[in-house]
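Read the figures in this text as sums done on the coordinates, not as results from a lab. Values in this document were obtained by computation on a predicted structure and should not be read as measured data. As a convention, Cβ positions derive from the backbone with ideal geometry for all residues, glycine included, and neighbour counts pool all protein chains shown.
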Amino acid sequence: GNNGSPSSPSSPGSPGNTPVPNLPDGERELCVEMTRQGVKDCVVYHDGNDYVQSGIERLTYLCRDDRENDTCEMDNGLFDIMWGVHYAAKNDYGATESHLKVNSCYRSQRTQNIVNPSVQNSQHTRCRAGDIALPSMNRTTFLNLARAISPGGRGCYNTFSHVDTGAYRQWGNCP
């Protein structure tokens, strides 16, 4: 959802030996490194009771289609997933990155046609997807952690994982 208390990232089942992490209540600060833009930022987007409008606006701007300099209203659930993956990775799995690497979030249809023209109805064009990475983590562990937290789609690639808030789907070389 886009309003109210944070959605608790959940899963239809945790794969392998990766349990669904017990994420804390309270303030949520998402630290991202937008790899295409070369920008790092830490943004408080939830105060423990509600989403913080200024934080949501900043994350929405960071997650823009930088090829077109175009934004859309991002699904706040995506920020919850990204925060949950990064929090658990650092606190439970020893990831060393202070910022979650984000390769892509929102894509205009024109950018989608350039990046991956074979995919129709991409969650990236619907403001509900992110391609994320934490290179210090074992690839399989990272992909399983992303799946445990993200109830939606999961794409598995060699250097990153796709997560989204759409219906459950899985593709790529997933463990």
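One table, with the values for the structure above:
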quantity: Amide proton proximity set for ASP70, modelled H, under 5 Å, gap of 5+; calculated: ASP65
quantity: Normalised contact order of the chain, rounded percent, pairs of Cα under 8 Å and 6 or more residues apart; calculated: 24
quantity: Residue-averaged [θ]222 nm for the chain, counting only DSSP H segments that reach four residues, each worth -39500 (n - 2.57); calculated: -8000 deg cm²/dmol
quantity: Ratio Rg/Rh, restricted to segment 98-149 and using Cα atoms, in which Rh is the Kirkwood radius; calculated: 1.04
quantity: Calculated over segment 59-128: convex hull of Cα atoms, volume per residue (Å³); calculated: 97
quantity: Per-residue Cβ neighbour rank within 10 angstrom, fewest leading, VAL52, VAL44; calculated: VAL44, VAL52
quantity: Value of Rg to Rh for segment 20-112 (Rh from inverse mean 1/r over Cα pairs, i.e. Kirkwood); calculated: 0.97
quantity: Fewest-first ranking of TYR45, TYR106, TYR157, using other Cβ atoms within 10 Å as the exposure measure; calculated: TYR157, TYR45, TYR106
quantity: Ascending count of other beta-carbon atoms within 10 Å, so fewest first, for ILE56, ILE132; calculated: ILE56, ILE132
quantity: Per principal axis, descending, Cα span of segment 127-175 in whole Å; calculated: 27, 19, 17
quantity: Dmax and Rg, reported as Rg then Dmax, of the chain (C-alpha, Å); calculated: 14.8, 41
